[in-house]
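These notes are about the structure you will find just below.
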Amino acid sequence: MTYIVNDKCISCKYTDCVEVCPVDCFYEGENMLVIHPDECIDCGVCEPECPAEAILPDTEKGALEWVQFNLEKSLTWPNITERRDPLPDADENLDKANKFKTLFIDQPASQNLRACTKTNNDL
Ligand code: SF4
Ligand code: F3S
């Protein structure tokens, strides 16, 4: 079993979930987060923290199809361990339908990429 992030996170990225995860298993895309299914210890504390209700256990209806997506993205997106400001239009995008088709950006978080580049240059 694992918990997953679904498309309700897209264009919101409130990151309240990151702050409470005891094992730091969230990974950051440009406009959504995912959970690494093999690192998640199923504690469930992140689920009620998400204002978008984007986090579910994989036993929940419709959640199982998100496990593979969370796994794939967590292998290439950077780890996020601290809470950040939500995306600028988070509240406006909270209840939008079809977010995956219309809003999803299939890229790792650019903010972290810039930070990684800086670190590499500094070495
Ligand atoms: Fe982290 Fe627990 Fe949420 Fe899994 S269920 S992502 S371990 S807070
Ligand atoms: Fe996304 Fe909810 Fe976390 S919107 S960043 S899953 S708090």
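A short reminder: the numbers here are calculations on the coordinates, not readings from a lab. The model shown is predicted, which means the values in this text are computed figures rather than measured ones. Cβ: placed from backbone, ideal geometry, glycine included. Neighbour counts: every protein chain shown.
So for the chain, if I pair up every lysine 8 or more residues apart or on another chain, how many of those pairs have alpha-carbons under 21 Å apart?
14
Using only the Cα atoms of the range 19-95, build the gyration tensor, take square roots of its eigenvalues as a ≥ b ≥ c, and label the shape rounded, prolate or oblate: rounded if a/c is under 1.5, else prolate if a/b is larger than b/c, else oblate.
Details: a/c = 1.37, a/b = 1.20, b/c = 1.14.
In terms of gyration-tensor shape, rounded.
Shape call for the range 1-53 from the C-alpha gyration tensor, a ≥ b ≥ c root eigenvalues: rounded (a/c under 1.5), prolate (a/b greater than b/c) or oblate?
Values: a/c = 1.67, a/b = 1.41, b/c = 1.19.
Prolate is the answer for the range 1-53, as a/c is 1.5 or above and a/b outweighs b/c.
Please give the calculated 222 nm ellipticity per residue for the chain, where each DSSP H segment of at least 4 residues contributes -39500 (n - 2.57) and the sum is spread over every residue; nearest 500 deg cm²/dmol?
It lands at -7000 deg cm²/dmol.
Sort D106, D91 by Cβ crowding within 10 Å, fewest neighbours at the top.
Fewest-to-most ranking of D106, D91: D106, D91.
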